[in-house]
């Protein structure tokens with residue numbers, strides 16, 4: 001039997017690759033780069049880099065060869081699937097389907113919905129969870145978690161047929177954690193299923209399908225410190241096995257006859273993973289999942305929350321800056337802070353922070369236009385002057401010095 005590669009979960013497995021990266025500033029001086037844009041794409045950690053390095057000498061086709069390399073890669077790919085499933089508490093009835101990212105995973109599920117399914121979604125979602133659904137019913141932005149639960153209850157009361165509720169685990173705009181379990185209980189009481197966009201939740205806190213009450217869950221490797229082009233959809237297999245393949249082609253078909261009608265599609269994950277799979281992406285994602293499982297998540301969370309409190313206290317002392325929220329400033333959130341800057345162009349501010357201070361943040365509406373417009377109080381297109389928010393996001397590798405530099409630089413720029 002072929003042994004699988006050993007994935008390092010040592011104490012430095014979650015160290016960021018390139019943490020000491022130096023950049024040249026506008027005045028010609030050099031400075032260590034401060035990355036506060038982790039909510040867009042998180043940096044690579046050593047666990048992911050080592051996993052890819054370990055499998056590269058063996059790289060070959062997955063599920064498509066008889067040689068030692070292909071056999072090894074097939075084992076690695078399926079081991080990765082098991083690790084990712086374990087990371088989110090997937091059960092025997094759940095499928096783990098590798099995709100490109102959360103958007104890809106959401107679109108896959110949208111195409112797999114039974115005919116006539118109604119989808120209920122709040123207008124506050126990231127576009128990946130707002131836009132793909134057929135027959136979608138949008139609910140207005142809730143004022144509180146209780147309001148969200150009441151609105152969903154009212155919406156589901158009069159819906160018939162298959163229903164899917166789609167909700168974020170944590171907002172990519174405010175970082176606020178949504179009452180997923182309560183929404184799941186309401187959905188299930190009305191015979192509906194629940195999909196969770198965990199792209200921003202999974203990097204910051206343990207995610208478990210059963211604890212959340214989720215029927216389906218998706219997240220991206222590039223936000224989970226594994227930037228090798230993989231995402232995942234995990235959830236109940238009945239709808240997925242009954243749906244046409246997401247990508248028709250090799251791997252998705254179990255048997256192809258001599259006529260167009262003589263065709264049998266595969267079942268399980270293979271049904272929706274047509275084509276040669278992204279082995280390196282799957283291996284990298286699984287390695288980070290393993291490293292996070294082995295880590296002290298409580299300690300990581302406590303450290304992040306201390307940095308988040310420092311960040312929020314610092315920006316609160318900068319005149320003309322408003323930390324936006326949907327559920328109120330005291331509501332629990334992950335390491336994301338978005339700022340309204342009345343009288344300033346947030347895009348220009350972000351550019352100056354980058355060029356003059358070596359700090360990477362994001363300005364815009366973060367692919368969540370309805371929510372960003374609501375919170376900024378300005379209507380306009382993404383990137384338009386005065387119509388954007390400034391977002392700073394933290395995570396693995398963020399230090400107190402990073403937070404201090406950002407606050408000082410923001411004060412200087414404004």
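The values are calculated or read from the model by the stated rules, or taken from the named source; none is laboratory data. Quantities reported herein were computed from a predicted structural model and do not represent experimental measurements. Cβ atoms come from the backbone with ideal geometry, glycine included; neighbour counts cover every protein chain shown.
Just for the stretch 11-62: of the residues that are assigned to a loop (DSSP other than H, G, I, E, B) and without any contact (Cβ under 8 Å) to a residue 12 or more places away in the chain, which one is farthest from residue 294 (Cα to Cα)?
28
Can you tell me which residue among 218, 199 is within 30 Å of residue 56 (Cβ to Cβ), in contact (Cβ under 8 Å) with a residue 40 or more places away in the chain, in contact with a strand residue (DSSP E or B) (Cβ under 7 Å, 6 or more places away or on another chain) and part of a loop (DSSP other than H, G, I, E, B)?
After ruling out the rest, the residue left standing is 199.
Scan the stretch 319-331 and give yes if some residue there is farther than 30 Å from residue 17 by Cα and in the same structural domain as residue 224 (by TED's automatic domain parsing), otherwise no.
Checked the stretch 319-331: no residue is farther than 30 Å from residue 17 by Cα and in the same structural domain as residue 224 (by TED's automatic domain parsing).
Of the residues 156, 152, 212, which is crowded, with 24+ Cβ neighbours inside 10 Å and either in contact with a helix residue (DSSP H, G or I) (Cβ under 7 Å, 6 or more places away or on another chain) or modelled with pLDDT of 95 or more (or both)?
152
If you scan the stretch 270-281, which residues turn out to be farther than 22 Å from residue 204 by Cβ and either part of a helix (DSSP H, G or I) or free of Cβ contacts under 8 Å to residues at least 40 places away in the same chain (or both)?
Pass one, the stretch 270-281, residues farther than 22 Å from residue 204 by Cβ: 270-280.
Of everything in the stretch 270-281, those that are farther than 22 Å from residue 204 by Cβ and either part of a helix (DSSP H, G or I) or free of Cβ contacts under 8 Å to residues at least 40 places away in the same chain (or both) turn out to be 270, 271, 272, 274, 275, 279, 280.
List the number of the failed condition for residue 181; all other conditions in (1) closer than 25 Å to residue 227 by Cβ; (2) at pLDDT 95 or above; (3) in a helix (DSSP H, G or I) hold.
(1)
Restricting to the stretch 340-363, count the residues that are under 11 Å from residue 389 (Cβ atoms), crowded, with 21+ Cβ neighbours inside 10 Å and out of contact with any helix residue (DSSP H, G or I) (no Cβ under 7 Å at 6 or more places or on another chain).
The qualifying residues number 2.
Would you mind telling me which numbered condition in (1) over 19 Å from residue 162 (Cα atoms); (2) buried (at least 16 other Cβ atoms within 10 Å of the Cβ) residue 113 fails?
Tallying (1) over 19 Å from residue 162 (Cα atoms); (2) buried (at least 16 other Cβ atoms within 10 Å of the Cβ), residue 113 fails exactly one: (1).
Exactly one condition in (1) surrounded by 15 or more Cβ atoms within 10 Å (Cβ to Cβ); (2) within 30 Å of residue 311 (Cα to Cα); (3) out of contact with any helix residue (DSSP H, G or I) (no Cβ under 9 Å at 6 or more places or on another chain) is not met by residue 28; state its number.
(1)
Those residues that are within 22 Å of residue 400 (Cβ to Cβ) and assigned to a strand (DSSP E or B), I need them from the stretch 294-346; list them, please.
Correct list: 323, 333, 336, 337, 338, 339.
When the residues of the stretch 383-407 are filtered to those that are at pLDDT below 95 and more than 23 Å from the chain's Cα centre (by Cα), which remaining residue is farthest from residue 317 (Cα to Cα)?
The extreme case among them is 384.
Has the stretch 247-265 got at least one residue that is within 16 Å of residue 83 (Cα to Cα) and touching a residue at least 60 places away in the same chain (Cβ under 8 Å)?
Narrowing the stretch 247-265 to residues within 16 Å of residue 83 (Cα to Cα): none.
Checking the stretch 247-265: not a single residue is within 16 Å of residue 83 (Cα to Cα) and touching a residue at least 60 places away in the same chain (Cβ under 8 Å).
Kindly provide the set of residues from the stretch 347-376 that are touching a strand residue (DSSP E or B) at 6+ places or on another chain (Cβ under 8 Å) and assigned to a loop (DSSP other than H, G, I, E, B), ordered by number.
Passing the criteria: 358, 361, 365, 366.
Which is over 17 Å from residue 99 (Cα atoms), modelled with pLDDT of 95 or more and surrounded by fewer than 16 Cβ atoms within 10 Å (Cβ to Cβ), of 260, 242, 291, 302?
On the way: 260 fails: modelled with pLDDT of 95 or more; 242 fails: modelled with pLDDT of 95 or more; 291 fails: surrounded by fewer than 16 Cβ atoms within 10 Å (Cβ to Cβ).
The conditions single out 302.
If I ask for residues that are closer than 17 Å to residue 80 by Cβ and under 19 Å from the mean Cα position of the chain (by Cα), which ones from the stretch 20-58 would you list?
Correct list: 44, 45, 47, 48.
Restricting the stretch 126-148 to residues that are part of a helix (DSSP H, G or I) and more than 23 Å from the chain's Cα centre (by Cα), which is surrounded by the most Cβ atoms within 10 Å (Cβ to Cβ)?
Within the stretch 126-148, the match that is surrounded by the most Cβ atoms within 10 Å (Cβ to Cβ) is 147.
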